1. Give the number of residues within the stretch 17-49 that are among the polar types (S, T, N, Q), under 25 Å from Val115 (Cβ atoms) and surrounded by 20 or more Cβ atoms within 10 Å (Cβ to Cβ).
2. Which count do you get for residues in the stretch 2-22 that are small (Gly, Ala, Ser), under 16 Å from Ile93 (Cβ atoms) and without any contact (Cβ under 8 Å) to a residue 60 or more places away in the chain?
3. Among (1) modelled with pLDDT of 90 or more; (2) over 20 Å from Leu38 (Cα atoms); (3) of a type in the set (Asp, Glu), there is one condition Asp174 misses while meeting the rest; what is its number?
4. Hey, among the residues in the stretch 50-87 that are outside any helix (DSSP H, G or I) and among the aliphatic types (A, V, I, L, M), which one's surrounded by the most Cβ atoms within 10 Å (Cβ to Cβ)?
5. Hey, could you check the stretch 88-110 for residues that are crowded, with 21+ Cβ neighbours inside 10 Å and small (Gly, Ala, Ser) and say which is nearest to Leu34 (Cα to Cα)?
6. Among the residues of the stretch 147-177, how many are buried (at least 22 other Cβ atoms within 10 Å of the Cβ) and farther than 17 Å from Tyr99 by Cβ?
7. Inspect all residues belonging to the stretch 39-60 and state whether any of them is within 20 Å of Ile147 (Cβ to Cβ) and modelled with pLDDT of 90 or more.
Amino acid sequence: MATITTAQIIKAILETLQMVSISLLLGALGGIPLGILLVLTKAGGIRKNTFMFRALNNLVNIVRSLPFIILLVAIVPFTKLIVGTSIGTKAAIVPLIIYIIPFIARLVENSLLEVNQGIIEAAQAMGATTIQIIRYFLLPEALGSIILSLTTATIGLIGATAMAGTIGGGGIGDIAISYGYQRFNTEVIVFTVFILIIFVQCIQNFGNHLAQKARRH
């Protein structure tokens with residue numbers, strides 16, 4: 001394409017991969033424990049705590065109710081405080097993490113709630129501690145579903161990184177905005193959409209494969 005070089009395309013792809021991978025890793029580190037806490041503390045949970053559940057549940061709902069583009073702009077001062085800038089790939093990672101943590105937490109919560117309650121009751125009858133129930137019963141039983149949940153979260157992050165391009169976040173979205181939309185270049189827009197489709201298809205197929213292996217074991 002006349003308006004962008006191969007080097008720019010490769011740089012944009014690497015920036016997108018960087019944003020998605022770092023945000024997913026840190027988001028999972030925050031979202032998975034949060035999802036477990038939601039399951040443990042809710043009514044009927046093995047560590048029922050109404051106050052904690054309501055606080056966590058409301059926090060998750062509040063953050064999830066914000067469209068990513070609004071969240072992106074709303075926390076600009078916080079982003080600048082953390083990474084020293086409000087534009088670029090590093091700056092985009094901060095709102096991406098905040099966006100994906102409650103998303104993963106809710107998906108993990110749903111995955112864990114699918115586990116047969118009889119398994120939990122049997123574990124309790126054997127005298128298993130809360131940590132043991134989580135490690136040896138809840139997580140293994142829900143592993144396939146959790147993998148699919150993380151796959152969904154990854155695809156959601158790809159869409160969010162594209163929106164980050166509106167504030168110069170870098171990546172494929174920045175190419176689409178700067179060289180496609182702002183210059184009325186339909187060819188560039190179609191090309192970036194094609195790249196994003198490839199990303200999504202590869203990630204979904206890989207996630208499905210891992211989930212099937214986890215369920216067989």
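1. The total comes to 1.
2. Qualifying residue count, the stretch 2-22: 1.
3. Single failed check for Asp174: (1).
4. Ile75
5. Ala105
6. Counting residues in the stretch 147-177 that are buried (at least 22 other Cβ atoms within 10 Å of the Cβ) and farther than 17 Å from Tyr99 by Cβ gives 5.
7. Yes, the stretch 39-60 contains a residue that is within 20 Å of Ile147 (Cβ to Cβ) and modelled with pLDDT of 90 or more.
The values are calculated or read from the model by the stated rules, or taken from the named source; none is laboratory data. As the structure is a computational prediction, the values presented were derived from the model and not from experiment. We place every Cβ from the backbone using ideal geometry, glycine too, and count neighbours over all the protein chains shown.
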